[in-house]
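The values are calculated or read from the model by the stated rules, or taken from the named source; none is laboratory data. Just so it is clear, the structure is predicted and the values come from calculations on it, not from any experiment. Here the Cβ positions follow ideal geometry from the backbone for every residue, glycine too, while neighbour counts run over all protein chains shown. When the accessible area is computed, the model is the full protein with side chains, heavy atoms only, and any ligands, DNA or RNA have been set aside. Shrake-Rupley method; radii C 1.70, N 1.55, O 1.52, S 1.80 Å.
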Amino acid sequence: MKFDLLVIGSGGTGLSAALEAASQGASVAVVTKSLPTRAQTCMAQGGINAALGNVEPDSVEEHIADTLRSAHGLADETMVRTLCEAGPETIEWLDRMLVPFSRIDRSDQSTHSPLPATRSIAQRRLGGAGHPRACYAQDYTGLKILQSLYDRCREAGVRFYTEHALLELILSVPRQARSPMLALGERLAPRVHGALFWDIAAGELRSIQAGATLLATGGYGELYHGYTTNTTGATGDGIAAALRAGAVLSDLEFVQFHPTAMTGSAILISESARGAGGTLITEEGERFTDELAPRDEVAAAMFAQIQKGHTLYLDLRHLERSYLEELMPQELRLARIHAHVDPLREPIPVQPAVHYTMGGIDVDARFAARGLEGLYAAGECSNAHVHGANRLGGNSLLEIVAFGRLAARYALERPLSSDPAAAEATERQSAEWIDGLFAKPAEFSLYQKRKILGKRLYHDLGIVRDRELMEDAAAYLDTLLEKLPRIGLGDRSRTHNQELVDYLAFDNALLLAVAMTQSALLRTESRGAHRRSDYPEEDPAWARPSRVRLERGAIVCF
Ligand SMILES: Cc1cc2nc3c(=O)[nH]c(=O)nc-3n(C[C@H](O)[C@H](O)[C@H](O)COP(=O)(O)OP(=O)(O)OC[C@H]3O[C@@H](n4cnc5c(N)ncnc54)[C@H](O)[C@@H]3O)c2cc1C
């Protein structure tokens, strides 16, 4: 099976890329380990940023300035400009894709928008933004985007492979050409010709070859299992596969904690609640922070209160009932079901939880993965250097759509020829590995270890870190790796084996946890979401990405 473009992941990134490629006449396959519209994107509530200025005057320059401020000196200004400039056109495109954005009645207002088609789209203010800039569809923004894109993908003839879990990228290492252009000892980058998957329903391997491969597999927030707003699918599988194949990862230590996850369930109450005037209070009713400061600052202020023994709440009682019911219906329902609280009458118990991972596959301005040829990455699995040390709310949805489309365009420009021998070799190695997995003893429970890992990371690589805590995490990861040969599968069936899928994710999560811990230890400063009590200040020498790669099975930081 060979396609022009293989897209791995069916979130907002994957579907935007697929549609763009299909619109250029390319053959496209989208592969997901789940069902097409069951991606983390569908959980996004708050909105997608674009400087439309529909509610009050705004500009792309102000969007850029807010993004750079939030990134704490770690973003690439050119990439940020590309992102923010793409905002208005991205909303226009989504509007054409029939995303049902919430609208405002413009009949009695003057407009500041240069885009007539989108000037009636409602916008709200999220933390760290100078203006109401996030376009939304009630509090179902991500879901509506994903459903609309999926419908358009079906109409465009995009081929979907569902319930296929990525195992490895298909790699060929080109023989050293005798070229005067290559300096002595210089290596040609390995080439990616597609990927190998585990077909969950059939219980067999399936390789899909492609001229270009785009990873759109999302972030790694689920490493903090039990302490994250993310789906259980956010285990960083694509990032780990890229690392094993030779890609460079960057800024893994930057993990964003969202201030308002419901205590106990870690289910998100979106920033739009604070944007609308919701306040953060202690059990005594005291406010203690600027609720609309960037997330890293609000989360740190909350952490300080929790350390003092306070219980924290999000208070929406003073907001208009009609506003909450019209624009935040999902969140009202989630609070009633999961916190047993009626937000119209009671404050919601909240605490910060892991929400977004800024680090990922290091890509260049064409979204090509550094260290490999033929591999591209976009969305939360990538690090396109637009979020730096702390992502601005509403910028991820913009990134996944705008950069998903751009990445597809670049990927189609330089197709690689296929390499069936490489596919066969990858399939042989993976078949052996899977057989070995089924033969392993199941002395320790994978699920118990996953739970402990999540708790350890939340504690040791949490909102405030120090060397001692992080070394504890590293030591714990060493013991987990020693035990891995005895963490086998209880369920030995080949077809529909969810435990096998969870094992694959756990194996990837372990590799990334090691890389993340080493990156965090290396960065001896505090910056954005990476706060160290032993290095409380920003160090100008560290105003650069941290990078890791795998060399002979070991993580190397550089
Ligand atoms: C609760 C919540 C609310 C949010 N609200 C907002 C918001 O309002 N605004 C905003 O800008 N951002 C928001 N975010 C962040 C934003 O939703 C995500 O960053 C973004 O949707 C990620 O999109 P993606 O396409 O990169 O990945 P995802 O949507 O995570 O999609 C990843 C895809 O890859 C697939 N996949 C993963 N591993 C494998 C594998 N091994 N094999 C095959 N397929 C695989 C998955 O099944 C999925 O289809 C929110 C996040 C959360 C958790």
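Which residues, counting only those in segment 537-552, are among the small types (Gly, Ala, Ser) and out of contact with any Leu (no Cβ under 8 Å at 6 or more places or on another chain)?
First, pick out the residues of segment 537-552 that are among the small types (Gly, Ala, Ser): 541, 543, 546.
Within segment 537-552, Ala541 is the sole residue that qualifies.
Checking Ala377 against (1) modelled with pLDDT under 95; (2) within 15 Å of the ligand (Cβ to nearest atom); (3) not assigned by TED's automatic domain parsing to the domain that holds Gly278: exactly one of these is not met. Which one?
So the condition that Ala377 fails would be (1).
Do you know which residues across segment 492-541 are among the charged types (D, E, K, R), more than 16 Å from the ligand (Cβ to nearest atom) and closer than 18 Å to Glu222 by Cβ? Let's see the steps before the verdict.
Kept after step one, since they are among the charged types (D, E, K, R), are these residues of segment 492-541: 492, 494, 499, 502, 507, 523, 525, 527, 531-532, 534, 537-539.
Among the residues that remain, those that are also more than 16 Å from the ligand (Cβ to nearest atom) are: 492, 494, 523, 525, 527, 531-532, 534, 537-539.
None; the set is empty.
Tell me yes or no: at least one residue of segment 386-404 is farther than 21 Å from Thr229 by Cβ and more than 13 Å from the ligand (Cβ to nearest atom). Working first, answer last.
So the first thing to find is which residues in segment 386-404 are farther than 21 Å from Thr229 by Cβ, and the list is 402-404.
Narrowing further to those that are more than 13 Å from the ligand (Cβ to nearest atom): none.
The answer is no; no qualifying residue exists.
Is it the case that some residue within segment 245-266 is open to solvent by 20 Å² or more (accessible area, probe 1.4 Å) and outside any loop (DSSP other than H, G, I, E, B)? Step through it out loud before you land on a result.
Kept after step one, since they are open to solvent by 20 Å² or more (accessible area, probe 1.4 Å), are these residues of segment 245-266: 246, 263-265.
Now restrict to residues that are outside any loop (DSSP other than H, G, I, E, B): none.
No: segment 245-266 contains no residue that is open to solvent by 20 Å² or more (accessible area, probe 1.4 Å) and outside any loop (DSSP other than H, G, I, E, B).
Restricted to segment 42-59, and to residues that are open to solvent by 20 Å² or more (accessible area, probe 1.4 Å) and touching a residue at least 24 places away in the same chain (Cβ under 8 Å), which residue is farthest from the ligand (Cβ to nearest atom)? Step through it out loud before you land on a result.
Of segment 42-59, the ones open to solvent by 20 Å² or more (accessible area, probe 1.4 Å) are 42-44, 55-59.
Subset that is touching a residue at least 24 places away in the same chain (Cβ under 8 Å): 42-44, 55-58.
On the way: Cys42: 7, Met43: 4, Ala44: 3, Val55: 17, Glu56: 20, Pro57: 22, Asp58: 17 Å.
That would be Pro57.
Scan Leu504, Leu512, Leu550, Leu521 and give me the residue that is closer than 25 Å to Leu481 by Cβ and part of a strand (DSSP E or B). Full working, then the answer.
Values: Leu504 fails: part of a strand (DSSP E or B); Leu512 fails: part of a strand (DSSP E or B); Leu521 fails: part of a strand (DSSP E or B).
When all the criteria are applied, what remains is Leu550.
Yes or no: Leu489 within 18 Å of Leu223 (Cβ to Cβ) and open to solvent by less than 30 Å² (accessible area, probe 1.4 Å)?
Values: within 18 Å of Leu223 (Cβ to Cβ): no; open to solvent by less than 30 Å² (accessible area, probe 1.4 Å): yes.
So Leu489 does not fit the description; no.
In the set Glu297, Glu271, which member is of a type outside the set (Val, Ile, Thr), out of contact with any helix residue (DSSP H, G or I) (no Cβ under 9 Å at 6 or more places or on another chain), outside the structural domain of Val464 (by TED's automatic domain parsing) and closer than 22 Å to Ile463 by Cβ? Talk me through it step by step, then tell me what you get.
Working: Glu271 fails: out of contact with any helix residue (DSSP H, G or I) (no Cβ under 9 Å at 6 or more places or on another chain).
Sole residue among the options that is of a type outside the set (Val, Ile, Thr), out of contact with any helix residue (DSSP H, G or I) (no Cβ under 9 Å at 6 or more places or on another chain), outside the structural domain of Val464 (by TED's automatic domain parsing) and closer than 22 Å to Ile463 by Cβ: Glu297.
Examine segment 398-405 for a residue that is among the basic types (Lys, Arg) and touching a Leu at 6+ places or on another chain (Cβ under 9 Å), and state whether such a residue exists.
Residues of segment 398-405 among the basic types (Lys, Arg): 405.
Now narrow it down to the ones that are touching a Leu at 6+ places or on another chain (Cβ under 9 Å): 405.
Yes; the residues of segment 398-405 include at least one that is among the basic types (Lys, Arg) and touching a Leu at 6+ places or on another chain (Cβ under 9 Å).
A quick yes/no check of all residues on (1) part of a helix (DSSP H, G or I); (2) among the polar types (S, T, N, Q); (3) modelled with pLDDT under 95; (4) more than 19 Å from Cys381 (Cβ to Cβ):
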residue: Ser10; (1), (2), (3), (4): no, yes, no, no
residue: Leu15; (1), (2), (3), (4): yes, no, no, no
residue: Ala22; (1), (2), (3), (4): yes, no, no, yes
residue: Thr41; (1), (2), (3), (4): yes, yes, no, no
residue: Leu52; (1), (2), (3), (4): no, no, no, yes
residue: Glu61; (1), (2), (3), (4): yes, no, no, yes
residue: Thr78; (1), (2), (3), (4): yes, yes, no, yes
residue: Glu92; (1), (2), (3), (4): yes, no, no, yes
residue: Pro100; (1), (2), (3), (4): no, no, no, yes
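Would you confirm whether any residue within segment 465-481 is within 30 Å of Asp534 (Cβ to Cβ), in contact (Cβ under 8 Å) with a residue 12 or more places away in the chain, touching a helix residue (DSSP H, G or I) at 6+ places or on another chain (Cβ under 9 Å) and small (Gly, Ala, Ser)?
Among the residues of segment 465-481, at least one is within 30 Å of Asp534 (Cβ to Cβ), in contact (Cβ under 8 Å) with a residue 12 or more places away in the chain, touching a helix residue (DSSP H, G or I) at 6+ places or on another chain (Cβ under 9 Å) and small (Gly, Ala, Ser), which makes the answer yes.
Can you say whether Ser113 is small (Gly, Ala, Ser), modelled with pLDDT of 95 or more and either more than 19 Å from Ala384 (Cα to Cα) or buried (at least 24 other Cβ atoms within 10 Å of the Cβ) (or both), as far as the supplied structure shows?
On the way: small (Gly, Ala, Ser): yes; modelled with pLDDT of 95 or more: no; either more than 19 Å from Ala384 (Cα to Cα) or buried (at least 24 other Cβ atoms within 10 Å of the Cβ) (or both): yes.
It is false that Ser113 is small (Gly, Ala, Ser), modelled with pLDDT of 95 or more and either more than 19 Å from Ala384 (Cα to Cα) or buried (at least 24 other Cβ atoms within 10 Å of the Cβ) (or both).
Starting from segment 145-166, keep only residues that are over 12 Å from Val28 (Cβ atoms) and part of a loop (DSSP other than H, G, I, E, B), then list their pairs with residues that are near the ligand (Cβ under 10 Å from one of its atoms) and modelled with pLDDT of 95 or more whose Cβ atoms are within a distance under 6 Å, requiring at least 6 positions of separation or different chains.
Within 6 Å, the pairs are Thr162/Thr32; Glu163/Ile200.
When you scan segment 389-483 for helices (runs of 4 or more DSSP H) that lie fully inside it, which ones turn up with 3 or more residues that are under 30 Å from Glu92 (Cβ atoms) and open to solvent by less than 20 Å² (accessible area, probe 1.4 Å)?
Numbers: elements: 395-413, 420-439, 446-460, 467-483.
By residue number, 395-413.
Would you point out the residue of segment 267-283, among those that are more than 11 Å from Ile348 (Cβ to Cβ) and modelled with pLDDT of 95 or more, that is nearest to the ligand (Cβ to nearest atom)?
Checking each candidate, the answer is Thr279.
What are the residue pairs meeting all of these: first residue in segment 437-449, first residue of a type in the set (A, V, I, L, M, F, W, C), second residue open to solvent by 80 Å² or more (accessible area, probe 1.4 Å), Cβ atoms under 6 Å, and 6 or more apart or on different chains?
Matching pairs, first to second residue: Phe438/Arg492; Phe444/Arg486.
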